[in-house]
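Okay, structure first, notes after.
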Amino acid sequence: LVRGAGAGAGIVVAFEIEAAEQRNVGVAQLVVEAHPDGRTVREWTSYLAQAPRELSAAAVVFAEGRSVLMSITAVVAAESLRRARPAVEPLLAIGKVLEHRTDLLPYPTLVPTAHLNPNVGQQRGTTTNGLFAALDDAGARAVTRAVTGPGRAVVQLRSLGGAVNDVAPDATAYPHRHQDTLIVASVFPPQADAALNAAWRAVGARADGAYVNFESRP
């Protein structure tokens with residue numbers, strides 16, 4: 001339970017944690033060459049919107065020369081590769097596969113403690129984001145153009161839905177319980193606000209909410 005949370009600050013007064021036993025998980029890492037017309041982004045969001053609940057995925061879309069690449073990490077709550085691979089397989093069809101591997105790993109290897117060290121020395125960047133209930137063809141093209149256009153943003157896609165959307169909108173301080181995708185766009189020096197604005201304008205016009213923790217300019 002959180003009391004307050006105005007402007008992103010609150011006091012945690014209680015935790016309720018319900019543990020779920022999970023020993024191993026399937027982890028797929030793949031890189032695909034994305035279609036410049038946005039088709040790959042559209043197919044990624046379409047599949048994740050109706051994928052098995054055991055699957056969670058995130059992707060980074062970026063320009064590499066004249067190509068657009070999508071680097072995908074997918075995690076499947078499955079105890080065997082036999083169960084994990086079918087959930088990942090549709091992602092192999094959304095673009096030309098350049099790299100791919102699927103492994104079965106103990107869940108603790110996904111949450112190492114190294115990240116608990118002080119965060120120092122990171123490259124500065126400017127970031128914005130939006131939540132999307134659905135991404136149509138025009139929206140998917142806008143995401144791809146954000147990567148290839150003058151702003152040359154790096155775009156992250158994070159799947160939502162599933163158990164996240166089971167929670168009532170007014171039950172927590174996070175009310176976004178009907179959207180399917182979180183899209184985050186970032187630019188890095190020497191790019192600045194103007195470049196991010198140019199890259200994000202057509203994408204942001206379709207957003208249905210935002211998540212303050214991924215916003216440089218709240």
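Answer yes or no as to whether ARG124 is closer than 25 Å to THR45 by Cα and of a type in the set (Lys, Arg). The answer is no for ARG124.
Every condition in (1) within 25 Å of GLN179 (Cα to Cα); (2) not assigned by TED's automatic domain parsing to the domain that holds GLN29 holds for ASN117 except the one numbered (1).
For region 1-101, the strands (runs of 3 or more DSSP E) that sit wholly inside it and include 2 or more residues that are more than 23 Å from ASP166 (Cα to Cα) are 10-12, 24-34, 55-64, 67-76.
Within region 144-167, being of a type in the set (Lys, Arg) and in contact with a Lys or Arg (Cβ under 8 Å, 6 or more places away or on another chain) holds for no residue. Being in the same structural domain as ASN197 (by TED's automatic domain parsing) and surrounded by 14 or more Cβ atoms within 10 Å (Cβ to Cβ) is a property that VAL88 lacks. Across region 14-72, the qualifying residues are those that are more than 21 Å from PHE188 (Cβ to Cβ) and among the aromatic types (Phe, Trp, Tyr), and the one among them that is surrounded by the most Cβ atoms within 10 Å (Cβ to Cβ) is TRP44. The residues of region 146-170 that are part of a helix (DSSP H, G or I) and either surrounded by 20 or more Cβ atoms within 10 Å (Cβ to Cβ) or in contact (Cβ under 8 Å) with a residue 60 or more places away in the chain (or both), listed by number, are ALA146, VAL147, THR148, GLY162, ALA163. Among all residue pairs at least 6 apart or on different chains, which show Cβ distances below 6 Å where the first residue, located in region 33-55, is within 18 Å of GLY149 (Cα to Cα) and the second is among the polar types (S, T, N, Q) and buried (at least 23 other Cβ atoms within 10 Å of the Cβ)? Note: pairs meeting the criteria are ALA34/THR40; GLY38/THR144; VAL41/THR144. In region 110-119, is there at least one residue being touching a residue at least 60 places away in the same chain (Cβ under 8 Å), outside any strand (DSSP E or B) and either under 17 Å from SER159 (Cβ atoms) or touching an Asp or Glu at 6+ places or on another chain (Cβ under 9 Å) (or both)? The answer is yes; a qualifying residue exists. Of all the listed residues (ALA28, ALA19), the sole one being in contact (Cβ under 8 Å) with a residue 40 or more places away in the chain and not assigned by TED's automatic domain parsing to the domain that holds GLY139 is ALA28.
The values are calculated or read from the model by the stated rules, or taken from the named source; none is laboratory data. A quick note: this is a predicted structure, and the numbers were derived from the prediction, not measured. So basically every Cβ, Gly included, is an ideal-geometry build from the backbone, and we count neighbours across all protein chains shown.
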